[in-house]
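The values are calculated or read from the model by the stated rules, or taken from the named source; none is laboratory data. Bear in mind that the values here come from a model prediction, so they are computed numbers and not experimental data. Ideal geometry is used to build each Cβ from the backbone, glycine not excepted, and the neighbour counts take in all protein chains shown. What goes into the accessible areas is simple: the full protein's heavy atoms, side chains included, and nothing from ligands, DNA or RNA. Shrake-Rupley method; radii C 1.70, N 1.55, O 1.52, S 1.80 Å.
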Amino acid sequence: MSTFCVVGGGLSGLEFALYSAIQGNKIVVYESGPDLRKEHVHFDTRVLKGDEKKVHWTADEHWAIGGISERLGGRSLCYHGVMLPLEPQALASWPEVWQQRLNGPGGLYRQLQKEFTGKYPEMTRQQQIGMPLTHAPQAAVIGENATFSSYSPLYQLEPFIRDGVIRIESATIAKVEKKPEGFFLIDQNGRTVNPLPFDKCILSASALVNNKIISTSLAKSTTAQVTDHYCIGVAVKVDQGERIAEYRHEMLWHGFSEHHDLNANIFVVERPNLGSGDRLLLLMAVVEQNPHQSEFSQLHCHYSQGQTRLEIQSHHSEAGIKNYNCVARRIVEFASEQLSTELVPLFDTPTEQAGAFFGSTESTEIEQALAALSETDQSNVYTRFIFPYGSYEHESCTHPIGGTGDIALTNDLELTAMPGVYAIGPGAFPRLGIANPALTICSLSRWLASHI
């Protein structure tokens, strides 16, 4: 029996811990935050005392300051369960061996989709939809009184914790030390947290924090790429037509429309009608910063005297901005066409000017967009909302598989510069693609659990 340490208790870390324990290994998970949340949350809107987002980096004005919620469960209790595989054009940028592992015959995508379909009816539940949309597979369940929950490995850990196979410790890990007898972890106060060595170490914090730990462990500054999804949407109010589908919960999409020419998916849900009888819809575009159009942003890990400071320099090429603006127009055109009405903006704002870039400095929330529509007497109008670049919590590509330099991973997810240390999560993605990363995150974690 091997003993592994896992740094980070989000989706990737807990998924690895669960399936490595099933393989017969002992696991210790180190998570900096407390165990405060017990149920899924909607877009991470609740703030619990001791669970506020903490920012561990500086950035320019074009990378949003989002921060990290330090807690057991991490994003595994905050995502809404969309389980989409990477689209072919994104997967083609991955090493051939990973293309086969993920999407080959009997690959991880098919294995997980089959498993989730057996447990979560929303993976395959088809509705009659009044516009051309593809079903959005979600590992989610709607229970009594419309309660919502989606897949998280956290809920399956209890028997392993009870039997001592998995142990969860509260600690903020800053450094990994390799000695002849094995691996030791050092916390932010310089204390060694494990008296006995670990056989292997798995970094599964966020894409940014993983790199911070790597730089501190190597005692050197590093520079990596980093990206996130762009996300722009519209809330629409119309006074005509039949509903596109039955509404059951705000976290369940009716479906999505593929716009691969713009590296985007547009997700659609129709909310309950307003008191006036007008219809209310949300359309949200998830857009990739395509590496063929735009270099990614840069993550600088500045190491000095045992400490590492993170700095992000964002980058948006002219082609990337043009593509983003095309998506901003496409989402309105798509809604107007499908709803058979000419939608106009409720507010005459600079964001509606030709050539404007809906960049990270704007911060219109979904609820603000909806509130504005509910308060106006006008119909056939829309308001915009965005998740600023860098705030969508899909930070990726910081220690990519098959990359170069000290922060790159081998095809077996092992850190090139520190054999025996592995890194998982979206930071390991060579290319993010436009799909929600959850299915690929689970795939990487399960593959690693089965192969070390």
_Only one of Gly233, Gly241 that is at pLDDT below 95, touching a Leu at 6+ places or on another chain (Cβ under 8 Å), open to solvent by 10 Å² or more (accessible area, probe 1.4 Å) and under 18 Å from Leu133 (Cα atoms)_ = Gly241
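Just the residues that are over 18 Å from Ala423 (Cβ atoms) and either open to solvent by less than 30 Å² (accessible area, probe 1.4 Å) or outside any loop (DSSP other than H, G, I, E, B) (or both), please, taken from the stretch 381-401. Quick ask: steps written out before the conclusion?
Keep residues of the stretch 381-401 that are over 18 Å from Ala423 (Cβ atoms), which gives 381-392.
Within the stretch 381-401, Val381, Tyr382, Thr383, Arg384, Phe385, Ile386, Phe387, Pro388, Tyr389, Gly390, Tyr392 meet the criteria.
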*Considering each of Arg125, Arg75, Arg110 in turn, give the residue that is in contact (Cβ under 8 Å) with a residue 24 or more places away in the chain, open to solvent by 70 Å² or more (accessible area, probe 1.4 Å) and within 26 Å of Ile266 (Cα to Cα).*
Arg75
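Return the residue satisfying two criteria in turn: it lies in the stretch 310-339 and is open to solvent by 50 Å² or more (accessible area, probe 1.4 Å) and over 23 Å from the mean Cα position of the chain (by Cα), and of such residues it is farthest from Arg191 (Cα to Cα).
Initial filter on the stretch 310-339 (open to solvent by 50 Å² or more (accessible area, probe 1.4 Å)): 311, 313, 315, 318, 322, 329-330, 333, 337.
With over 23 Å from the mean Cα position of the chain (by Cα) added as a condition, the list becomes 318, 322, 329-330, 333, 337.
Values: Glu318: 47, Lys322: 49, Arg329: 53, Arg330: 53, Glu333: 57, Glu337: 61 Å.
Among those that are open to solvent by 50 Å² or more (accessible area, probe 1.4 Å) and over 23 Å from the mean Cα position of the chain (by Cα), it is Glu337.
Answer yes or no: is there a residue in the stretch 243-264 that is without any contact (Cβ under 8 Å) to a residue 24 or more places away in the chain and not basic (Lys, Arg).
Checked the stretch 243-264: at least one residue is without any contact (Cβ under 8 Å) to a residue 24 or more places away in the chain and not basic (Lys, Arg).
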*Report whether or not Glu250 is among the acidic types (Asp, Glu) and farther than 22 Å from Leu84 by Cα.*
no
*asked:* Which condition from (1) closer than 20 Å to Gln368 by Cα; (2) in contact with a Phe, Trp or Tyr (Cβ under 6 Å, 6 or more places away or on another chain); (3) touching a residue at least 60 places away in the same chain (Cβ under 8 Å); (4) open to solvent by 10 Å² or more (accessible area, probe 1.4 Å) is the one that Pro272 breaks?
replied: (3)
*Checking Met83 against (1) open to solvent by 30 Å² or more (accessible area, probe 1.4 Å); (2) in contact with a strand residue (DSSP E or B) (Cβ under 7 Å, 6 or more places away or on another chain), which single condition isn't satisfied?*
(1)
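Within the stretch 252-274, track down each residue that is over 25 Å from Gln127 (Cα atoms) and not in a helix (DSSP H, G or I).
The first filter runs over the stretch 252-274 and keeps only residues over 25 Å from Gln127 (Cα atoms), leaving 261-263.
Residue satisfying the conditions is Asn263 alone.
Suppose the filter is surrounded by fewer than 17 Cβ atoms within 10 Å (Cβ to Cβ) and hydrophobic (A, V, I, L, M, F, W, C); does Ile161 pass it?
yes
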*asked:* Go through (1) open to solvent by 30 Å² or more (accessible area, probe 1.4 Å); (2) part of a helix (DSSP H, G or I) for Thr404 and report which single condition fails.
replied: (2)
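Yes/no per residue for (1) closer than 30 Å to Val381 by Cα; (2) at pLDDT below 95:
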site: Ser276; (1), (2): yes, yes
site: Leu282; (1), (2): yes, no
site: Leu299; (1), (2): no, no
site: Gln313; (1), (2): no, no
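Given the condition among the hydroxyl-bearing types (Ser, Thr, Tyr) and open to solvent by less than 10 Å² (accessible area, probe 1.4 Å), answer yes or no: does some residue in the stretch 129-136 qualify? I'd like the intermediate steps shown before the answer.
We begin by selecting, within the stretch 129-136, every residue among the hydroxyl-bearing types (Ser, Thr, Tyr); these are 134.
When the remaining residues are screened for being open to solvent by less than 10 Å² (accessible area, probe 1.4 Å), the result is none.
Within the stretch 129-136, not a single residue is among the hydroxyl-bearing types (Ser, Thr, Tyr) and open to solvent by less than 10 Å² (accessible area, probe 1.4 Å).
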